[in-house]
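The structure appears below as structure tokens.
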Amino acid sequence: MFQAATYQSRRSRLTQQLQGRGIVLLMGNEESPINYAGNVYRFRQDSNFLYFIGLDQAHLAAVIDLDEGVTTLFGNDLSIEDVVWEGPQPTMLQLAARSGIEKTAPYAALEEVLVKAKTAGRAIHFTPPYRAENKIRMSQWLGIAIDELKSAASEALIKAIVEQRAHKTEEEVAEMELALDITFDMHMSVMLQAEPGLMESDLAGIAEAIAISRGGRPAYGTILSMNGQTLHNPYYTNVLESGRMILGDFGAETGRHYAGDITRSFPVDKTFTPRQRDIYNIVLEAEMKAIEACGPGIRYADVHLLAARVIVEGMKAIGLMKGNTDDAVAQGAHALFFPHGLGHMIGLDVHDMEDLGEQYVGYGDMQRSTQFGTKYLRLARALEPGFVFTVEPGIYFIPELIDLWRSEGKFTDFVNYDKLDDYRQFGGIRIEDNVLITDSGHRVLGPVVPKTVEEIEEIRSSEPE
Ligand code: GLY
Ligand code: MN
């Protein structure tokens, strides 16, 4: 974790933002069983808890009393049985000191504190719970039905947290650069070692091993597949075949839980085919032009549409699309090939703060588009210094979507469906980097994984060490 002063200043800012009324309940996460209670998923602390409290272990909660300006940490000291099985751990008092917290109490005392606050008519601010264990507990303690907890969550707290967490500090950016440093090694190793005959799972294993060996873990479910047209493809069961592309979308989460999220696409062979090169260079141009356009005050929805126009122009140049580019993008024809948003905030979560609601995080006062493709944009609002987000355009050939739109006669003014028959086995290409908005423009974070055709072919032709 960071120094105690970091968490103290975040909490005191939160107290100011909420104008000192009521209490804030911050629920830590519990261990989560896989197939029986004692066999658990790798523990991951709640990100809001990590941000304001920093303590990275299960069965903790905190209450910030806004009127008194005092934080209490709820949790239990270990019994001797716990120590026998899990080893010695810091006491609650020692943990509280690491976070600069004044008071501790046993976990069982939390219910009474909440009931007392409720009876006294004090506001109890909490974020929408997403884990079953916390939903059940909060429902019982607060007397709110489980499926009403989301709507009962505090909008004031959500807005205050988004305001703080969206603006990364220097120490957070340094941690994200570390995540990207590890992520760089993951991508370089995969790109160096891929060859026909290996399994996709061989490469996924190479990537994930590096994240773990550097003190972290994968920041999200690794996507590593020749079937890049499936956007969040979770399978690694194919043998790598000459003539195909590989799409690798994976990154590390550091020991302090900041994420990196990078995508690279490259051929199974040592060189791109002319067709692969053409599509790749369109995506690369869209990515680089989109990054170039990022700066304070620029609406990310506009950057998304810029990337879509570059894609349409490129697809027209190789004969797969036709017609007026602006009309094609306005009507959503590009979404046949680019059906997702250009990017999302990133930080303690790979889709940062998604638990708080995409409207608050990515839209603010803006309305979400209802059009297929553009409506999936997770970040649309004007960019501000300190924002860190992904830029990740792609071109995908999704046979099911092509067939459907073709059968519906959709966008026949813009799409040359006849020419798409040759691309049914192509897969997909996505290129993704992580970008920080500075006072005067932007900075691409981390060591940038090579991404030009020339750079990739050079790596693919070199021998792994
Ligand atoms: N890296 C996966 C995603 O951004 O959704
Ligand atoms: Mn991403």
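General observations
- Thr390 being at pLDDT 95 or above, of a type in the set (Ser, Thr, Tyr), within 14 Å of the chain's Cα centre (by Cα) and open to solvent by less than 40 Å² (accessible area, probe 1.4 Å): yes
- Scan region 363-380 for residues that are touching a residue at least 60 places away in the same chain (Cβ under 8 Å) and within 17 Å of the chain's Cα centre (by Cα) and the total you get is 3.
- Filtering region 229-257 to residues that are of a type in the set (Asp, Glu), under 13 Å from Ala204 (Cα atoms) and either assigned to a loop (DSSP other than H, G, I, E, B) or in contact with a Pro (Cβ under 7 Å, 6 or more places away or on another chain) (or both) leaves nothing.
- Lone unmet requirement of (1) under 30 Å from Glu170 (Cβ atoms); (2) at pLDDT 95 or above for Asp365: (2)
Table: residues versus (1) within 14 Å of ligand 2 (Cβ to nearest atom); (2) open to solvent by less than 10 Å² (accessible area, probe 1.4 Å); (3) in a helix (DSSP H, G or I).
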| residue | (1), (2), (3) |
| --- | --- |
| Lys316 | no, no, yes |
| Ala330 | no, no, yes |
| His334 | no, yes, yes |
| Gly343 | yes, yes, no |
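- Scanning region 258-271 for residues that are away from ligand 2 (no atom under 16 Å from the Cβ), assigned to a loop (DSSP other than H, G, I, E, B) and open to solvent by less than 10 Å² (accessible area, probe 1.4 Å) turns up just one, Val268.
- When residues of region 200-219 are limited to those that are open to solvent by less than 10 Å² (accessible area, probe 1.4 Å) and within 25 Å of Phe338 (Cα to Cα), the one farthest from ligand 1 (Cβ to nearest atom): Glu200
- Residues that are away from ligand 2 (no atom under 14 Å from the Cβ), under 18 Å from the mean Cα position of the chain (by Cα) and open to solvent by 10 Å² or more (accessible area, probe 1.4 Å), drawn from region 220-256: Thr230, Pro234, Gly255, Arg256
- Region 445-463 residues that are in contact (Cβ under 8 Å) with a residue 12 or more places away in the chain and closer than 12 Å to Tyr280 by Cβ, paired with ones that are open to solvent by less than 40 Å² (accessible area, probe 1.4 Å) and aliphatic (A, V, I, L, M) (beta carbon under 8 Å, 6 or more apart): Lys451/Leu284; Lys451/Ile431; Thr452/Leu284; Val453/Leu284; Ile456/Met191
The values are calculated or read from the model by the stated rules, or taken from the named source; none is laboratory data. No experiment lies behind these values; they were computed from the predicted model shown. Reconstructed Cβ throughout: ideal geometry from the backbone, glycine too, with neighbour counts over all protein chains shown. Surface accessibility is based on the protein's heavy atoms, side chains included, excluding ligands, DNA and RNA. Shrake-Rupley method; radii C 1.70, N 1.55, O 1.52, S 1.80 Å.
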